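S.K.: Pasting in a structure now, in structure tokens, and then I'll have a few things to ask.
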Amino acid sequence: IEPLETHLGPLLVQFPARVGPDDLDTVAAVFEALPAAWRCVVEVRHRNFFTRPALLDPLLARFRLGRVVMDTRALYRGDRDHPEVLAALHEKPDLPVLPELYNDLAFIRLVLHPDRDCNERYLDDWVRQAASWIAAGKSVFMMVHCPNNLHCPPFAFDFHEALRRAIPALPALSPWPVPHQQTLL
């Protein structure tokens, strides 16, 4: 991984909903096994980590972890009868959105609806939040998801363009689709 280091964001470590507060020793063991130099973010899905988010704080501090913010509101508040959404609801949980910053690192997994009109409010919310964090010198990583991955590149481009309007110094993205890369590095 070292040759790719300058091209990588943090390592995302995701735990399923069955891993809860009683399993924090197991979660800690995972991060103890990883090289300390790697910047990591943790995604938890057990509901108790959202009703009592401070349960995770000692682990976040000990390993200097970021906490993933998964925002599925567009998916659950939009047209739930959309065929692509029906197939995705069992994979992406409807959990509270906790837009907190841990260890100066923001990592957002924004799960959008296939219908672009259902996403505008949530994109606007995240543009404002990301612009605020960036202005404060924080690291912000945004992953745009959708039940049909074909929608992800244009939705990610929409987010980036909106963020550029908020932060004019932000460089433009390369045109899509990007030319095929000929070598690994």
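S.K.: Looking at the structure I just gave you, is PHE159 farther than 22 Å from GLU100 by Cβ and either in contact with a Lys or Arg (Cβ under 7 Å, 6 or more places away or on another chain) or surrounded by 15 or more Cβ atoms within 10 Å (Cβ to Cβ) (or both)?
M.R.: Judged against the criteria, PHE159 is not a match.
S.K.: To continue, here is another question. With the condition kept exactly as written, say whether any residue in the range 129-150 is touching a His at 6+ places or on another chain (Cβ under 7 Å) and surrounded by 14 or more Cβ atoms within 10 Å (Cβ to Cβ).
M.R.: No.
S.K.: In the range 28-47, what residues are in contact with a strand residue (DSSP E or B) (Cβ under 7 Å, 6 or more places away or on another chain) and either among the hydrophobic types (A, V, I, L, M, F, W, C) or more than 26 Å from SER139 (Cα to Cα) (or both)?
M.R.: VAL30, PHE31, LEU34, TRP38, CYS40, VAL41, VAL42
S.K.: Any idea which of ALA130, ALA172 is small (Gly, Ala, Ser), free of Cβ contacts under 8 Å to residues at least 40 places away in the same chain and more than 30 Å from ARG47 (Cα to Cα)?
M.R.: None of the other options fit; the residue is ALA172.
S.K.: Next question, about the same structure. Six or more apart or on different chains, Cβ atoms under 9 Å: show the pairs whose first residue is in the range 142-167 and under 16 Å from ARG121 (Cα atoms) and whose second is crowded, with 17+ Cβ neighbours inside 10 Å and among the acidic types (Asp, Glu).
M.R.: Within 9 Å, the pairs are VAL144/ASP158.
S.K.: Next question, about the same structure. Among (1) surrounded by 15 or more Cβ atoms within 10 Å (Cβ to Cβ); (2) in a helix (DSSP H, G or I); (3) not hydrophobic (A, V, I, L, M, F, W, C), there is one condition HIS113 misses while meeting the rest; what is its number?
M.R.: Of everything listed in (1) surrounded by 15 or more Cβ atoms within 10 Å (Cβ to Cβ); (2) in a helix (DSSP H, G or I); (3) not hydrophobic (A, V, I, L, M, F, W, C), HIS113 misses just condition (2).
S.K.: Looking at ARG80, ARG73, ARG64, can you tell me which residue is closer than 30 Å to ASP117 by Cβ, of a type outside the set (A, V, I, L, M, F, W, C) and under 20 Å from the mean Cα position of the chain (by Cα)?
M.R.: Going through ARG80, ARG73, ARG64 in turn, just one is closer than 30 Å to ASP117 by Cβ, of a type outside the set (A, V, I, L, M, F, W, C) and under 20 Å from the mean Cα position of the chain (by Cα): ARG73.
S.K.: Still on this structure, I have one more. List pairs: first residue in the range 41-54 and in contact (Cβ under 8 Å) with a residue 60 or more places away in the chain and within 11 Å of PRO93 (Cβ to Cβ), second residue of a type in the set (Phe, Trp, Tyr) and assigned to a loop (DSSP other than H, G, I, E, B) anywhere in the structure, Cβ distance under 8 angstrom, at least six positions apart or on different chains.
M.R.: If the second residue must be of a type in the set (Phe, Trp, Tyr) and assigned to a loop (DSSP other than H, G, I, E, B), the pairs left are GLU43/PHE15.
S.K.: On the given criteria, is TYR122 modelled with pLDDT of 95 or more, surrounded by 17 or more Cβ atoms within 10 Å (Cβ to Cβ) and touching a strand residue (DSSP E or B) at 6+ places or on another chain (Cβ under 8 Å)?
M.R.: Here the answer is yes, as TYR122 does meet what is asked.
S.K.: Return the residues of the range 32-86 that are aliphatic (A, V, I, L, M), outside any loop (DSSP other than H, G, I, E, B) and surrounded by 16 or more Cβ atoms within 10 Å (Cβ to Cβ); say none if nothing qualifies.
M.R.: VAL41, VAL42, LEU55, LEU56, LEU59, LEU60, VAL68, VAL69, MET70, ALA74, LEU75, VAL85
S.K.: Scan the range 116-141 residue by residue and report those that are touching a Gly at 6+ places or on another chain (Cβ under 7 Å) and in a helix (DSSP H, G or I).
M.R.: Answer for the range 116-141, where residues must be touching a Gly at 6+ places or on another chain (Cβ under 7 Å) and in a helix (DSSP H, G or I): just CYS118.
The values are calculated or read from the model by the stated rules, or taken from the named source; none is laboratory data. Since the structure is predicted, the reported quantities are computational estimates derived from the model, not experimental observations. All Cβ positions, glycine included, derive from the backbone under ideal geometry; neighbour counts span all protein chains shown.
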